[in-house]
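Let me begin by presenting the structure, written as structure tokens, before commenting on it.
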Amino acid sequence: MNSFFLALIILGVAECGRFEVKKRPRFPEPPFLKNMTREAKREYLDILRNRNETIAAQKQQVLAWARNYSIEAQVQQFEAELNQYKTQLRANVTALLDALPQAYQRLNEITDNESQTPIQLKEALDQFKNSNKMVKRS
């Protein structure tokens, strides 16, 4: 009976502990590739895989590729949305960095206050965390 349980445990560990190679997360493909053929997608990815080209040269090649497949407007719209996202991201990071010194000072005030109980410290830290939505989202 004991050997049965031992065999069952070994089998369970072997089954659950299989080594799995995890693939790198892929970025979602741009929407303009949705209805494209495999060949068109391969051509697009070949442009991006060329690590010896500058980003500007790759953009020009992608635009030429898009003209070839009559989707230049969709590619330009995607590029505009990407630039808008980068602008918004920079603004968010700048705002976060501007607020950081005051947040750091307030955090130090909370943690250095020895006239509070551990429960009050936790409540103050929770309140601090909830009052700093920019820090919380990051």
**Study point:** Cross-link partners of LYS34 among aspartates and glutamates (Cα-Cα below 18 Å; sequence separation of 8 or more within a chain)
**Key:** GLU43, ASP46, GLU72, GLU79, GLU81
Study note, to complete from the structure: Between the modelled labels at GLN84 and ASP112 (7 Å from Cα along Cα→Cβ) the distance in nm is 4.5 nm
Exercise for review: State, to one decimal in nm, how far the label point of SER70 lies from the label point of GLN127, with both points 7 Å from Cα in the Cβ direction.
Suggested key: 6.5 nm
Check your understanding: Between ALA99 and GLN58, what FRET efficiency comes out of the Förster formula 1/(1 + (r/R0)^6) with R0 = 35 Å and r the beta carbon distance, rounded to 0.05?
Key -> 0.45
**Study point:** At 1.306 mPa s and 10 °C, Stokes D of the stretch 26-120 from Kirkwood alpha-carbon radius, µm² per second
**Key:** 92 µm²/s
Point to revise | Proximal aspartates and glutamates to LYS129, defined as alpha-carbon separation beneath 19 angstrom and excluding residues fewer than eight positions away on the same chain | key: ASP98, GLU109, ASP112
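What does the convex hull of the Cα atoms come to per residue for the stretch 90-138, in Å³?
Details: hull volume 2.8 nm³, N = 49.
Spread over its residues, the Cα hull of the stretch 90-138 gives 58 Å³ apiece.
Every read-out reported here was derived from the displayed coordinates using simple, explicitly stated rules and does not represent laboratory data. Quick caveat, the model's predicted, so the values are computed rather than measured. As a convention, Cβ positions derive from the backbone with ideal geometry for all residues, glycine included, and neighbour counts pool all protein chains shown.
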